[in-house]
1. Per 5 Å bin, what is the whole-percent P(r) computed from every C-alpha pair distance within the range 100-174?
2. At a threshold of 8 angstrom on Cα-Cα distance, excluding pairs fewer than six apart, so keeping six or more, what relative contact order does the chain reach in percent?
3. Calculate how steeply helix 153-168 sits against the longest principal axis of the alpha-carbon atoms of the chain, using the helix alpha-carbon long axis, and give the answer as 0 to 90 degrees to the nearest 10.
4. Relative to the longest principal Cα axis of the chain, at what angle does helix 20-29 sit, 0 to 90 degrees, rounded to 10?
5. Beyond 33 Å, how much of the Cα-Cα pair distribution for the chain remains, as a whole percent?
6. Could I have the simple spin-label model distance between residue 99 and residue 112, label points 7 Å from Cα toward Cβ, reported in nm to one decimal?
7. Fewest to most neighbouring Cβ within 10 Å: what's the order for 147, 107?
8. For the residues 64, 143, 94, what sequence is obtained by ranking on other C-beta atoms within 10 Å, fewest first?
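We did not get these values from a lab; they are worked out from the coordinates using the rules stated. What you see is a predicted model; the values in this text were computed from it and never measured. Note that we place each Cβ from the backbone using ideal geometry, even for glycine, and neighbour counts take in every protein chain shown.
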């Protein structure tokens, strides 16, 4: 008596697990692998370390080549609300306000590692609110933290480029910390020309859109939400914040 066996096709081998260093590199070369790997491990400590180190380099570059006094005075003048308040001050009060802002900035610099984690938590909480309640995604908080951290590496790359520009040399009068390099059309405009237009154009930032795409990819790999739907939801939220802030002179 003969028997016949029905052979089923061999299942595809599972993708090998990525180390943290491999994840950081693959964020720029194979982002789908990174976001899929987050479902295996939601560790996010290495992007946090990289972000902290790059931020410190940028702070050093600004302090050395531009000075925080120049940066803060420029930022205050670019904000209509702050500029109007400064115009009503005496020169002595104005100088005191600038010095106070410099002290606050220096404290914020020292607290930057903690501030980065706080940002991760805030963004991860927003992801849960948007996609779990709005899309029924059942996304886990730890994974949302990891998605946020690895997506943020794109913005770390932007900070590297800003640091290079600052170290090479830039006119302090032309340096806008909120929009430091020409990665968006708004950089080519004066924020005072048309604030609504400036906000809209500065929202079309290459690095920001890249980060949003990576975040949407992470949502798709760790929930039942499609990448396109996730990107659209995140982009609309980002656009509202960016355009509103630009209109008020905050960005």
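1. Answer for the range 100-174: a P(r) of 3, 13, 15, 17, 17, 13, 10, 7, 4, 2 percent.
2. Values: 262 pairs, mean separation 63.5, N = 251.
Taking the mean separation of contacting Cα pairs over the length of the chain, I get 25 percent.
3. Tilt relative to the chain: about 40 degrees.
4. The answer is roughly 80 degrees.
5. Working: 9073 of 31375 pairs.
Counting pairs separated by more than 33 Å, the tail of P(r) holds 29 percent.
6. Label-label distance for residue 99 and residue 112, simple model: 2.5 nm.
7. Details: 147 28, 107 10.
Going from sparsest to densest Cβ surroundings: 107, 147.
8. Details: 64 10, 143 23, 94 16.
Listed from fewest to most nearby Cβ atoms, that is 64, 94, 143.
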